[in-house]
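A short worksheet on the structure shown next.
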Amino acid sequence: MAAAALLISLPRFLLMLLLLLLGCFGPLLNFAEAATTTTTKKKKSFTLPLQEYISVIDVPVQLHSSAGKRRVRRPLHVTEYYGKIAVGNPPQLFDVVFDTGSGNIVLPTIKCSEEVCSRHRRYRSQSSSSSVQLAYEDDTVLQAGQTERDTTSITYGTGKLTGEYLRDSICFGYGITKDRVCATSDFLGVVQESRFPFIELPFDGIFGLGLTGLSTGTNFNFITRLTLDDSDMEPVVAVFLRKLDADEDSEITFGGWRKERVSDNDEMHWLPIPKDEAQDKGYWLVTMRDVYVRGRPLQLCDDDGTGSRCQVALDTGSALSMASPYQISALMEAIGLEEHCENFGSLPSLTFELDGEAGKTFQLTLRPEDYLEVSKEGCAAGFQPLQLPPNLGRMWVLGQSILRKYYSVFDARRWRIGLAVAKHSTTKREERMLATSEDGGKAKLAAHQPERCVDDDKHMQEQPFSLPGCQSFASMGYCHRFVPLAKHYCRHSCSLCNGGNASKAISLAATPPKSQSAAQVKTAITAATAAAAAAAAATTNAGTTTAAAKAADVLVQPGAGIQVG
């Protein structure tokens, strides 16, 4: 009533002006009111603790002395970082390796009946109400009664698997905490896989966190899924890798990153990603101007004076850091490592000059303890040669030894990578103890179990190797060239028992046993060469390799890297 009386008492022109204003701005006022009542979906994040599976491989090391350059082999620890995910409704739990150098999620399914699968958890699509069977990689749903469907086969290292196309919800948090965050993604459900190397691994599958160029299709790329509006998480992944002697745990964060993982003396440095090229190749790429040793540029990128850049892929699934044979040779020559690591105290720091945002640069610095592993045999370098095909250009791969020092953030929303010196615990981790029932639960060191010094000819003669057996394998000198195969199948013939090493196998017969025919020798050479080719093809064709398999790829041709393409 009071408002009506006020309107009546107003002069006519003021009344008309008021009504005009209300008519013009009324819709805007209504829009503003509606906007205040609309709630923006809050994004979530989740940090997942990672477990470790550690193995030891032999790597070639380039040495320099007054006598010139030469190569020796040294042991190097390889670590797989894996964590727990839940797939489907109700959730089925799996342990998976998280790998920014792979593009697919790969899980064994109940359709794979071989022992290599049955010894791991297997996905059951019939048990999940949210599971969708896909006929083709373009997301076409498999219709009832339809039997025709595509599959993808992935070959890497000396292993091979074949998978069907599936879609289901994937969650983090189940089996760990009450909090959880989920996303829907396509993935490969394995129906067949080779015995080696999968049977001895403690995890079930691979969780690819690379970009679309490494995936079977766009919808198979988990990072792409996170960029969609309905995603609960931002397309950001952060990785913290434990310092090997520190009392701490590795972790991966989805949907954000944790400032408390950054050293008190550093801050996050953001490096731009060349988006189109990174998406095409599938790797998280930044660009590098050069590498400096003792303040001297090695001119490994801009050797023609045109301002060229090297591309650098950051790969959480690679134990090694890699570049072309020429670049690694130049780097190792500048380092000047001696045979027994006598000059460790005087070895130089390495500086990788990377392009930062807004025209800035970032100096990624490694000290000798960051890029070398010291053992009683000497020092093993984390840098190894790898000949990439021309379409990948001058690409370096920086792996776990670098990512242990630097906390890394992979941001597909703003297309950038963040690097900062990681804040590691200063407390040293004590040697792992094993509780036994005999001592009433008191911890004691695990007793050494005697090893069986035998050859596994049966599995060497099966696919994918098809070799006549371990005697042939050893006689052709392959104990040294194919170390993972030698350690797994031919310990007796390659003299790897009782602390032996692959180098001893070189003293085995340089010529094949008389009982072998020329055809058998040719078969051995062909099969081993094919194994090398399969290992090489994996790096570019599959994009799904674990750290051990990637390391094995590099070691197929010691001292020369993999010849791909």
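The values are calculated or read from the model by the stated rules, or taken from the named source; none is laboratory data. Here the structure is a predicted model, which is why all the values come from computation and not from measurement. So basically every Cβ, Gly included, is an ideal-geometry build from the backbone, and we count neighbours across all protein chains shown. To get the accessible areas, we keep the full protein, side chains included, count just its heavy atoms, and leave off ligands, DNA and RNA. Shrake-Rupley method; radii C 1.70, N 1.55, O 1.52, S 1.80 Å.
Can you tell which of Tyr174, Trp257, Gly217 lies farthest toward the positive end of the dipole of segment 156-261, using +1 and -1 charges on the Cβ of basic and acidic side chains (Lys, Arg; Asp, Glu)?
The Cα lying farthest towards the positive end belongs to Gly217.
Quick one: if you stick a label point 7 Å off each Cα along the C-beta vector at Thr227 and Ala144, how many nm between them?
3.7 nm
For a protection proxy built on the mean count of beta-carbon atoms within 10 angstrom, sort 212-218, 103-109 highest first, please.
Per-residue Cβ counts within 10 Å, averaged per peptide and sorted highest first, yield 103-109, 212-218.
Please work out the Cα center distance from segment 358-387 to segment 133-188, rounded to the nearest Å.
Each part's Cα centre sits 36 Å from the other's.
Roughly how many whole Å is it from the C-alpha centroid of segment 85-131 to that of segment 265-340?
For segment 85-131 versus segment 265-340, the Cα centre distance is 35 Å.
Using R₀ = 30 Å, calculate the FRET efficiency as 1/(1 + (r/R₀)^6) where r is the Cβ-Cβ separation of Arg429 and Cys497; round to 0.05.
Efficiency for this residue pair is about 0.50.
Report, in listed order, any pair from Lys69/Lys487; Lys43/Lys178; Lys43/Lys275; Lys84/Lys275 with a Cα-Cα distance greater than 19 Å.
Lys69/Lys487; Lys43/Lys275; Lys84/Lys275
With every protein chain left in place and a probe of 1.4 Å, what is the accessible surface of His77, to the nearest 10 Å²?
Rounded to the nearest 10, that gives 90 Å².
On a straight-distance basis, which aspartates and glutamates could pair with Lys259 in a cross-link, Cα separation under 12 angstrom, same-chain partners fewer than 8 positions away excluded?
Reachable aspartates and glutamates: Glu267.
Would you rank Glu115, Glu267 by solvent-accessible area, highest first, keeping every protein chain in place and using a 1.4 Å probe?
Glu267, Glu115
Taking amide H atoms as placed 1.01 Å from N in the peptide plane, list the residues 5 or more away in sequence, or in a different chain, whose amide H sits under 5 Å from that of Asp290.
Under 5 Å from the amide H of Asp290 lie the amide H atoms of Glu353, each far enough along the sequence or on another chain.
Which order, highest average first, do 68-75, 488-495, 268-275 follow once you tally other Cβ atoms within 10 Å for each residue and take the mean per peptide?
Highest mean packing first, the order is 488-495, 268-275, 68-75.
Quick one: Karplus J couplings for segment 398-410, per residue in order, coefficients 6.51, -1.76, 1.60, θ = phi - 60°, nearest Hz, x for Gly and Pro?
9, x, 5, 4, 7, 6, 6, 6, 10, 5, 10, 10, 10
I need the peptides 355-363, 309-317, 132-140 ranked by packing, meaning the mean over residues of other C-beta atoms within 10 angstrom, with the highest value on top.
In descending order of packing, they fall as 309-317, 132-140, 355-363.
I'd like the accessible area for Trp257, computed on protein heavy atoms only with a 1.4 Å probe and all protein chains in place. Round to 10 Å², please.
Its heavy atoms expose roughly 80 Å² to the probe.
For Lys160, which sequence-distant residues (separation of 5 or more, or a different chain) have an amide H within less than 5 Å of its own amide H, given hydrogens modelled in the peptide plane?
Residues meeting the criterion, in which the H sits 1.01 Å from N, are Ser194.
Quick one: length gained pulling Ser375 to Thr218 fully straight, 0.36 nm per residue minus the C-alpha distance?
52.1 nm
Okay, which of segment 236-253 sit inside 16 Å, backbone N to the point 7 Å along the Cα-Cβ direction of Lys43?
236-239, 253
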